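The values are calculated or read from the model by the stated rules, or taken from the named source; none is laboratory data. It should be emphasised that the depicted structure is a prediction, and the values quoted were computed from it without experimental measurement. When we count neighbours, we look across all protein chains shown, and the Cβ atoms used for this are built from the backbone with ideal geometry, even at glycine. What goes into the accessible areas is simple: the full protein's heavy atoms, side chains included, and nothing from ligands, DNA or RNA. Shrake-Rupley method; radii C 1.70, N 1.55, O 1.52, S 1.80 Å.
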Protein chains: 2
Amino acid sequence: MKAPVLALAGGVGGAKLAAGLNQVLEEAQSPLNIVVNTGDDFEHLGLHIAPDLDSVMYALSGLNDTERGWGMRDETWQCMSALGRLHAETWFSLGDQDLATHLVRTQMLRDGATLSDVTAHLFAQLGVHASVAPMADQPVRTIVDTDAGTLAFQHYFVREQCAPEVRRFDYAGAAEATPATLLARTLADPTLRAVVICPSNPFISIDPMLAIPGVRDALAATTAPVVAVSPIVGGAAIKGPAAKMLKELGLAVSATGIAEHYGELLDGFVMDAADESLAGALTPLPTLVTQTMMHTSADKRALADQVLAFCDGLT
Amino acid sequence: MKAPVLALAGGVGGAKLAAGLNQVLEEAQSPLNIVVNTGDDFEHLGLHIAPDLDSVMYALSGLNDTERGWGMRDETWQCMSALGRLHAETWFSLGDQDLATHLVRTQMLRDGATLSDVTAHLFAQLGVHASVAPMADQPVRTIVDTDAGTLAFQHYFVREQCAPEVRRFDYAGAAEATPATLLARTLADPTLRAVVICPSNPFISIDPMLAIPGVRDALAATTAPVVAVSPIVGGAAIKGPAAKMLKELGLAVSATGIAEHYGELLDGFVMDAADESLAGALTPLPTLVTQTMMHTSADKRALADQVLAFCDGLT
């Protein structure tokens, strides 16, 4: 058994690097364990929606829509139209194909399966190489304290389009949660090759994981290198509200701000070539400066290859 | 307040006459209460599916597919494809638009609404004139005892395509159910104008209602005429397995067989012109012989008009 790589991932950006790692490590017949944020999960129309798990699933199985940037390709919205006709809630877009995922997940959970069980089942149906799990089987819900009041994550993110100014994040339930088996077991594995923090939003994709008791300590304790890839390139988020959040929280809106946010957790950092001038500021943190924008499948593979080589060089 | 008409309906055939009655009585600004079979209801993929309520809803709102004969027009099946990709159950066809109905219904039921509440809500969203309710708010489930064993209704009807030979029907839960408020209140209304038993399958659409304690007695007690429209024309069912069931149960496969099955409940009977030669056999039961095939909206209105005039003549 070769040494496993652990990737921590949130939404679409994280899913891209996760997909690259999955390609590279599948070809190398080498294990990849991916742990995914569930702080964005919510119940909607009676369905358990897990947006980040689904972003990773659709990216790794090649079902994702690369043009729209989220959801499934060849998606249709007939159910949404019919919900509108029934004057039901339509602020959260549910594609017709995507609904199948939510239906199967919700039914399995109601029948007593854990979210880890459901996740393993769904990824297996699509023949994905990596082992994928949620960060925890218990609910952890990101709560956004804003100038417009305290909002449940999807209300902030989708309904309010991230317009309110962020003051603070809370991860409700995190203190009572335990790391999912895949996460705990992988972090305790003495053969662990590397931990890759994917280019996901630190506040809403990675911090929810770090809020679960034991995760931060286990990341500090592992002898494997812990490396983060910056989701900020040239002072802007590649996608989503990460830059806006950094600003509103009074942090540097830069790759440096991301590295500083993770602080002592990191053994290495990866930033885009556009930010090369900032690399010196992170000394003595080993920093890989490379092309991090992932437009094509080849981009994802190339970044995955470089990140893995960088990690291996840190050991 | 004009005198209300009560229609008892099951699947697609019953829904056609219900739609005709709805048109005629809406124009006359006269009340129509429709009570619908729920013996076919089942849980599927965690959703509460109510096929007969939906057939009536889609027919009365004009959303039904008249070519395929069931479900909604302009329906798509993307969610089904995605369920297949996930190797989930696909033996029961769920259209993408149709899913919206099941999602709203299931969520409302989980939130504590009764099936009567949900039904009233859904029909109201679509602006339907008639007041529509399920036969009961408690679950009543048609069970089919066959030569291939005892089958839940949808397993018999959809999965097995009605192939097994029927020995007997049971209506599990009927003895513990109570008539829905709309049904009980309408049958007790001294101004009730008529009870129309729509051309639905007697065994799987109407008998489940009659199995609920009090319904048969209330039908016998009302001074309003109770009239059934035959779903058998020329010795064959217009749609569905009614003829096959009559044969397997050893009953006459004819309009006469239907009238005999309902027996003393009826104050009048409506049969198709194709069966005119059988009308004499029902003497002294008043019988209307007319064109009962409903291909067009005009056919539905015409039959509704004639049935109402026939009922009014019986009083």
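Evaluating B:Leu63 against the criteria (1) open to solvent by 10 Å² or more (accessible area, probe 1.4 Å); (2) more than 13 Å from every other protein chain (Cβ to nearest Cβ) leaves one unmet condition, (2). Taken over segment A:274-315, the criterion of being open to solvent by 50 Å² or more (accessible area, probe 1.4 Å), touching a Pro at 6+ places or on another chain (Cβ under 7 Å) and either at pLDDT 95 or above or hydrophobic (A, V, I, L, M, F, W, C) (or both) is satisfied by A:Leu314 alone. Is at least one residue of segment A:216-232 touching a Leu at 6+ places or on another chain (Cβ under 6 Å) and open to solvent by 70 Å² or more (accessible area, probe 1.4 Å)? Scanning segment A:216-232, I find at least one residue that is touching a Leu at 6+ places or on another chain (Cβ under 6 Å) and open to solvent by 70 Å² or more (accessible area, probe 1.4 Å), so the answer is yes. Checked against (1) surrounded by 22 or more Cβ atoms within 10 Å (Cβ to Cβ); (2) among the small types (Gly, Ala, Ser); (3) more than 8 Å from chain B (Cβ to nearest Cβ), A:Ser116 passes all but a single condition, namely (1).
If you check A:Ala163, A:Ala180 for being small (Gly, Ala, Ser) and open to solvent by 50 Å² or more (accessible area, probe 1.4 Å), only one passes: A:Ala163.
Does segment A:7-19 contain any residue that is under 29 Å from A:Leu109 (Cα atoms) and among the charged types (D, E, K, R)?
Among the residues of segment A:7-19, at least one is under 29 Å from A:Leu109 (Cα atoms) and among the charged types (D, E, K, R), which makes the answer yes.
When segment A:66-80 is filtered for residues that are closer than 22 Å to A:His121 by Cα and open to solvent by less than 20 Å² (accessible area, probe 1.4 Å), only A:Met72 remains. Residues of segment A:94-107 that are at the interface with chain B (Cβ under 9 Å from one of its Cβ atoms) and part of a helix (DSSP H, G or I): A:Asp96, A:Gln97, A:Asp98, A:Leu99, A:Ala100, A:Thr101, A:Leu103, A:Val104, A:Thr106, A:Gln107. Inclusion of A:Thr76 among residues that are within 14 Å of chain B (Cβ to nearest Cβ), modelled with pLDDT of 95 or more, touching a helix residue (DSSP H, G or I) at 6+ places or on another chain (Cβ under 7 Å) and assigned to a helix (DSSP H, G or I) is not warranted.
Within segment B:119-137, if we keep just the residues that are open to solvent by 50 Å² or more (accessible area, probe 1.4 Å) and in a loop (DSSP other than H, G, I, E, B), the residue that is nearest to B:Asp40 (Cα to Cα) turns out to be B:Asp137. For B:Val56, the stated conditions hold: it is more than 8 Å from every other protein chain (Cβ to nearest Cβ) and either touching a His at 6+ places or on another chain (Cβ under 8 Å) or β-branched (Val, Ile, Thr) (or both). Listed conditions (1) more than 16 Å from B:Gly46 (Cα to Cα); (2) open to solvent by 10 Å² or more (accessible area, probe 1.4 Å); (3) within 11 Å of another protein chain (Cβ to nearest Cβ) are all met by A:Arg110, apart from (1). Per the listing A:Gly84, A:Gly71, the residue uniquely within 13 Å of chain B (Cβ to nearest Cβ), on the phi > 0 side of the Ramachandran plot and not polar (S, T, N, Q) is A:Gly71. Just so you know, in segment B:138-152 the residues that are of a type outside the set (A, V, I, L, M, F, W, C) and part of a strand (DSSP E or B) include one that is farthest from B:Thr181 (Cα to Cα), and it is B:Gly149.
When B:Trp91 is tested against (1) within 9 Å of chain A (Cβ to nearest Cβ); (2) assigned to a loop (DSSP other than H, G, I, E, B); (3) in contact with a helix residue (DSSP H, G or I) (Cβ under 7 Å, 6 or more places away or on another chain), only condition (1) is not met.
Being part of a helix (DSSP H, G or I) and either surrounded by fewer than 24 Cβ atoms within 10 Å (Cβ to Cβ) or in contact (Cβ under 8 Å) with a residue 24 or more places away in the chain (or both) is a property that holds for A:Ala15. Whenever a residue of segment B:109-129 is among the acidic types (Asp, Glu), its partners that are modelled with pLDDT of 95 or more, lying with C-beta atoms within less than 8 angstrom and at least six residues away or across chains, give the pairs B:Asp117/B:Met108.
Among the residues of segment A:22-49, those that are more than 14 Å from chain B (Cβ to nearest Cβ), touching a strand residue (DSSP E or B) at 6+ places or on another chain (Cβ under 9 Å) and part of a loop (DSSP other than H, G, I, E, B) comprise A:Ser30, A:Pro31, A:Asn37, A:Thr38, A:Gly39, A:Asp40, A:Asp41. Within segment B:91-112, one or more residues are acidic (Asp, Glu), farther than 17 Å from B:Ser55 by Cβ and in contact with an Asp or Glu (Cβ under 6 Å, 6 or more places away or on another chain). Could you tell me whether any residue of segment B:256-265 is buried (at least 19 other Cβ atoms within 10 Å of the Cβ), within 19 Å of B:Gly20 (Cα to Cα) and modelled with pLDDT of 95 or more? No, that holds for no residue.
Residue check, A:Thr186 against (1) open to solvent by less than 30 Å² (accessible area, probe 1.4 Å); (2) in a helix (DSSP H, G or I); (3) closer than 15 Å to A:Met245 by Cα, all met but one. Which one? Only one criterion in (1) open to solvent by less than 30 Å² (accessible area, probe 1.4 Å); (2) in a helix (DSSP H, G or I); (3) closer than 15 Å to A:Met245 by Cα is unmet by A:Thr186, namely (3).
Looking across A:Gly84, A:Gly46, one residue alone is open to solvent by 30 Å² or more (accessible area, probe 1.4 Å) and either acidic (Asp, Glu) or closer than 25 Å to B:Thr106 by Cβ (or both). It is A:Gly84.
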